[in-house]
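Step one of this worksheet: look at the structure below.
The values are calculated or read from the model by the stated rules, or taken from the named source; none is laboratory data. Owing to the predicted nature of the structure, the values given are computational and were not obtained by experimental measurement. Here the Cβ positions follow ideal geometry from the backbone for every residue, glycine too, while neighbour counts run over all protein chains shown. Ligands, DNA and RNA are stripped out before the accessible areas are found, and what is left, the full protein with its side chains, is counted by its heavy atoms. Shrake-Rupley method; radii C 1.70, N 1.55, O 1.52, S 1.80 Å.
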Amino acid sequence: MVRVREMNEADIEAVSAIRVRGWQAAYAGIVPRSYLDAMTIEDDAGRRRESFSHPGRESRDLVALGDRGPVGWICFGPSRNRVSGEGRAGEVHALYVAPDLIGTGVGRGLLGEAHAAMKDQGFGKSALWVLRDNRRARHFYERAGYAADGATQDDVYDDVTLLELRYLREL
């Protein structure tokens, strides 16, 4: 059983571990191995500490807590890109679950909490970006009501360009 709460500064190391291990598990065979191998929890935690305490920060972070502390993390806020249509759009900037707990409902719980919070903040829809070749994540988001809207962007990892697809969902 997990519960969700706002992330605090004491969670940074655990969230960085979830994110780095999540990347290394989810993107194996998609993102170059050299990029994944170079990721460290310490570097990620340093960047996270800087952004977490930034005074003008508009995003929010939630953690899912299990018996061993944080086991999942979601970051969301206003959309970083213009989304056509009426109303304001929120965006799920990141969602990661401890690799050994993928498929247990932790991610679904975090996403549900983020959707409720975005709706409470007046957002009418939610956007997110997912790597085209990350079929598992695309299936997860599609089951949560998201659909690709045709927008794409390139991300470069160690000189390898990968395509991201934007997914949208009404809140």
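Hey, got the Cα dimensions of the chain along the principal axes, in Å, largest first?
41, 36, 34
Mind listing which GluC sites (Glu not before Pro) in segment 16-122 are in a DSSP loop and have 15 or fewer other Cβ atoms within 10 Å?
Numbers: sites: 42, 50, 58, 86, 91, 113; in loops: 58, 86.
Sites meeting the loop and neighbour criteria: 58, 86.
Select from segment 28-68 those trypsin sites (Lys or Arg not before Pro) which occupy a DSSP coil region and have at most 15 other Cβ atoms within 10 Å, ordered by residue number.
Answer in residue order: 57, 68.
Is any helix in the chain, taking whole DSSP H runs, at least 27 angstrom long along its axis by alpha carbon and on average at least 1.0 on the Kyte-Doolittle scale, and which ones?
Passing helices, by number: none.
In the chain, with Lys and Arg counted as +1 and Asp and Glu as -1 at Cβ, which of these residues, 72, 124, 23, has the Cα nearest the positive end of the dipole, that is, farthest along it?
Among 72, 124, 23, the one farthest towards the positive end of the dipole of the chain is 124.
Rounded if a/c is under 1.5, else prolate if a/b is larger than b/c, else oblate: which is segment 89-171, with a ≥ b ≥ c the root eigenvalues of its Cα gyration tensor?
Judged from the Cα gyration tensor, segment 89-171 comes out oblate (a/c at least 1.5, b/c at or above a/b).
Summarise the accessible area of the chain (1.4 Å probe, protein heavy atoms) by the percent that is carbon and sulfur.
In the chain, the share of accessible area belonging to carbon and sulfur is 47 percent.
Rounding to the nearest 20 debye, state how big the charge dipole of the chain is about its Cα centre with +1 on each Lys and Arg Cβ and -1 on each Asp and Glu Cβ.
Working: 24 positive and 26 negative charges, 112 e Å.
It works out to roughly 540 debye.
Please express the shape of segment 1-87 as an equivalent ellipsoid: the semi-axes are the square roots of 5 times the eigenvalues of the C-alpha gyration tensor, given largest first in whole angstrom.
Over the Cα atoms of segment 1-87, the ellipsoid semi-axes are 22, 20, 15 Å.
Work out the length of the dipole vector of segment 6-103 about its Cα centre, built from +1 on the beta-carbon of each Lys and Arg and -1 on the beta-carbon of each Asp and Glu, and round it to the nearest 20 debye.
Approximately 320 debye in magnitude.
Considering only protein heavy atoms, what per residue accessible area in square angstrom results for the chain with a 1.4 angstrom probe?
On the way: 9170 Å² over 171 residues.
With all protein chains present, the chain gives 54 Å² per residue.
Looking only at Cα atoms, what is the convex hull volume of segment 75-120 per residue, in Å³?
So the per-residue hull volume is 79 Å³.
Calculate the spin-label point distance for residue 155 paired with residue 120, positioning each point 7 Å from the Cα along the beta-carbon direction, and give it in nanometres.
2.8
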